[in-house]
Amino acid sequence: MILSTSLLLLSSIIFLVAIVFSMLGQGGGTLYTPVQVLFGIDFHTAATSSLFLIMVASLSATLVFRKAKKIDWSLAAVLETVTTVGGFIGGYISGNMSGQYLSWFFSVLVTFTAIFMIHEFKQKPKALPKKKYWFHWYRQFNQQHYSVNLLLALPVSFAAGLSSGLVGVGGGILKVPLMVLLLGIPMDIAVGSSALMVGLTAAGGFAGHLTAGHWDWKTSLMLGIAVFIGGQIGARKALSIDKKKMKKLFGWFLLIIAGLMAFKNLPLVSISSLINSR
């Protein structure tokens, strides 16, 4: 467990992260993990704590999106069946990989997310297929119609869960762009459903890490309070805020984070050591 001064600063940063990511239907693992690493916490322990915090943020945001009817519960349940399994496998096998390798892999995922946020992908309305195949799942939710190709959605969801479990993220950084760009799910439903799904995926990854004995429960519980409050604030703002400008600005910020995580692989002095040296 880190010192109280560092923990206070870390809690403040995590609180702000929870607000921003809840606006986008994401758990916050994109920053929860690297922020902890920069504070001198071991990557495996940080990834486990990150997954716990994502579960807390997901619960907090889901309470808000549920009232706004932005969660496709059936869709989330089906996709998470395979995603959670992938998350558990990723979390369990992560102990066999070095923190340096996982940091590089994490940087790649964050870069992917940043590109999605910076570049304005225009979602073209997809016409429902004329022929009805068994793997085409037609959805009518909140006055919107869309079709989900299960032959594509299930393996993609498993891969997203596996990647998420490895590096301690809830998968929102992958799920939202994949649901929108590949599966043709409307953005508002993708964001709302993702808020629920990231918590379920994180639970699978967390169980895997917990089995491997990576969890610092005291620090996690303290940070969890800040995350729950931040998740409530962010989800409420998400219902009215203009996401376009925020996504671009935050995308550039994520590119900086990806660079920092890559640079972290070099011999650097952690933030915690700088604070403790004073």
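The values are calculated or read from the model by the stated rules, or taken from the named source; none is laboratory data. Values in this document were obtained by computation on a predicted structure and should not be read as measured data. FYI the Cβ positions are ideal-geometry reconstructions off the backbone, even for glycines, and counts take in every protein chain you see.
Only one residue in Ser94, Ser103 is among the small types (Gly, Ala, Ser), at pLDDT below 85 and either assigned to a loop (DSSP other than H, G, I, E, B) or out of contact with any Phe, Trp or Tyr (no Cβ under 7 Å at 6 or more places or on another chain) (or both). Which one?
Step by step, each of Ser94, Ser103 is checked, and only Ser94 is among the small types (Gly, Ala, Ser), at pLDDT below 85 and either assigned to a loop (DSSP other than H, G, I, E, B) or out of contact with any Phe, Trp or Tyr (no Cβ under 7 Å at 6 or more places or on another chain) (or both).
If you check Leu16, Leu38, Leu8, which single one turns out to be under 29 Å from Gly192 (Cα atoms) and not small (Gly, Ala, Ser)?
Only one candidate qualifies: Leu16.
Output yes when any residue across the stretch 38-52 is within 26 Å of Met187 (Cβ to Cβ), in contact (Cβ under 8 Å) with a residue 40 or more places away in the chain, in a helix (DSSP H, G or I) and within 13 Å of the chain's Cα centre (by Cα), and no when none is.
Pass one, the stretch 38-52, residues within 26 Å of Met187 (Cβ to Cβ): 50-51.
With in contact (Cβ under 8 Å) with a residue 40 or more places away in the chain added as a condition, the list becomes 50-51.
Among the residues that remain, those that are also in a helix (DSSP H, G or I) are: 50-51.
With the extra rule that they be within 13 Å of the chain's Cα centre (by Cα), the set shrinks to 50-51.
Yes: the stretch 38-52 contains one or more residues that are within 26 Å of Met187 (Cβ to Cβ), in contact (Cβ under 8 Å) with a residue 40 or more places away in the chain, in a helix (DSSP H, G or I) and within 13 Å of the chain's Cα centre (by Cα).
Does Ala61 qualify as being closer than 17 Å to Ile257 by Cβ and buried (at least 24 other Cβ atoms within 10 Å of the Cβ)?
no
May I ask you to list the residues in the stretch 221-278 that are part of a loop (DSSP other than H, G, I, E, B), surrounded by 14 or more Cβ atoms within 10 Å (Cβ to Cβ) and at pLDDT 70 or above?
Leu239
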